[in-house]
């Protein structure tokens, strides 16, 4: 597949002082044409700077940016055929829905009747038939989100960029809109770069995830790879709520985590390691089996229970979907490890 976006050894420093810290330092990655890549990381990691450099709103200090077969490093936004959808929607409050969507086409010199037809098609694509004459103030947050999406799509960009697009929506609307964005991206074969700090959002919409930390790339991979096989303690902790435990590996590849034993899925050197265990990886069993644990806290979340157990390995956070066997605070049980959600992330 050809690359829709490619960064080659890109660095970005703000200001002229050569001693100023790098916002982005020597990163390289590719977004395949027709795919959706999410750039994920904590606040200040550099992800928004990366998105702005793709858009042409920021210029790199060094390195090269390509879109398709064309280098665009020094080109401005108007020369890149890129549309960007912002967190704030940025709709014109005095314009109708249809006028908002066709505004970019009007500015590009497209004939008004053609622009109107394309804007109507874009609104149909996002499920807003019959909303042409409404003002943004007459729409719900989810509907405004769809108008902003239609306005970005109508320009038929080679690359579509999203900057925290769902952060202003409630939980149900976030789920609906991320499904809508993913559906449209796949149906229209759009090349998308998507910035978020929400791990579940990234897992749900992405073909590829780039996890950033302090201006560098921590790991790149599919959602499943990053969740099930993180390559560092940072990625394991950021992609979910994994807890880290010291463990020992023998020459046969068996890992000893307190009284628990399991075989490493990938070859690992003998000696001390760090093991990441996700809350859903723990299996609650009868007292006397596995790791002895005493329940200290319990919380009911509707679809599951969250438990905190005191153990010889410290406090362990467990998510259990067993709503038929509710544990009482103070009870003693055993904890064992399931097959998924356990990974070795570092040698000690």
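Evaluate the following for residue 88: is it over 28 Å from residue 150 (Cα atoms), surrounded by fewer than 15 Cβ atoms within 10 Å (Cβ to Cβ) and out of contact with any helix residue (DSSP H, G or I) (no Cβ under 6 Å at 6 or more places or on another chain)?
No: the conditions fail for residue 88.
When the residues of segment 35-56 are narrowed to those that are more than 23 Å from residue 204 (Cα to Cα) and in contact with a helix residue (DSSP H, G or I) (Cβ under 6 Å, 6 or more places away or on another chain), which ends up surrounded by the fewest Cβ atoms within 10 Å (Cβ to Cβ)?
55
Condition first: more than 18 Å from residue 192 (Cα to Cα), in contact (Cβ under 8 Å) with a residue 40 or more places away in the chain and either in a loop (DSSP other than H, G, I, E, B) or not assigned by TED's automatic domain parsing to the domain that holds residue 188 (or both). Now tell me which residues in segment 60-81 satisfy that.
60, 61, listed by residue number.
Suppose we filter 136, 157 for residues that are modelled with pLDDT of 90 or more, surrounded by 15 or more Cβ atoms within 10 Å (Cβ to Cβ) and under 24 Å from residue 92 (Cα atoms); which single one remains?
136
Any residue at all in segment 259-266 that is more than 28 Å from residue 40 (Cα to Cα) and free of Cβ contacts under 8 Å to residues at least 24 places away in the same chain?
Within segment 259-266, one or more residues are more than 28 Å from residue 40 (Cα to Cα) and free of Cβ contacts under 8 Å to residues at least 24 places away in the same chain.
Can you name the condition, by its number, that residue 184 falls short on among (1) part of a helix (DSSP H, G or I); (2) farther than 30 Å from residue 126 by Cα; (3) in contact (Cβ under 8 Å) with a residue 40 or more places away in the chain; (4) touching a helix residue (DSSP H, G or I) at 6+ places or on another chain (Cβ under 7 Å)?
Single failed check for residue 184: (2).
Residue check: is residue 31 in a strand (DSSP E or B), over 30 Å from residue 183 (Cβ atoms) and in contact (Cβ under 8 Å) with a residue 60 or more places away in the chain?
When the stated conditions are applied, residue 31 does not pass them.
Please list, ordered by residue number, the helices (runs of 4 or more DSSP H) wholly in segment 192-248 having 1 or more residues that are over 13 Å from the mean Cα position of the chain (by Cα) and in contact (Cβ under 8 Å) with a residue 24 or more places away in the chain.
223-228, 233-238
If the requirement is being surrounded by 17 or more Cβ atoms within 10 Å (Cβ to Cβ), out of contact with any helix residue (DSSP H, G or I) (no Cβ under 8 Å at 6 or more places or on another chain) and not in a strand (DSSP E or B), which of these qualifies: 295, 327, 323, 335?
It is 327.
Looking at segment 107-120, can you tell me whether even one residue there is in contact (Cβ under 8 Å) with a residue 40 or more places away in the chain, out of contact with any strand residue (DSSP E or B) (no Cβ under 8 Å at 6 or more places or on another chain), under 27 Å from residue 147 (Cβ atoms) and in the same structural domain as residue 188 (by TED's automatic domain parsing)?
yes
Just need a number here: residues in segment 91-124 that are outside any helix (DSSP H, G or I) and either surrounded by 13 or more Cβ atoms within 10 Å (Cβ to Cβ) or within 29 Å of the chain's Cα centre (by Cα) (or both).
Final tally of qualifying residues: 5.
Give me the residue from segment 162-171 that is in contact with a helix residue (DSSP H, G or I) (Cβ under 9 Å, 6 or more places away or on another chain) and more than 22 Å from residue 49 (Cα to Cα) and, out of that set, modelled with the highest pLDDT.
By that ranking, first place goes to 170.
The values are calculated or read from the model by the stated rules, or taken from the named source; none is laboratory data. Since the model is a prediction, treat every value here as computed from it, not as a measurement. Neighbour counts are summed over all protein chains in view; Cβ atoms, including those assigned to glycine, are modelled from backbone coordinates with ideal geometry.
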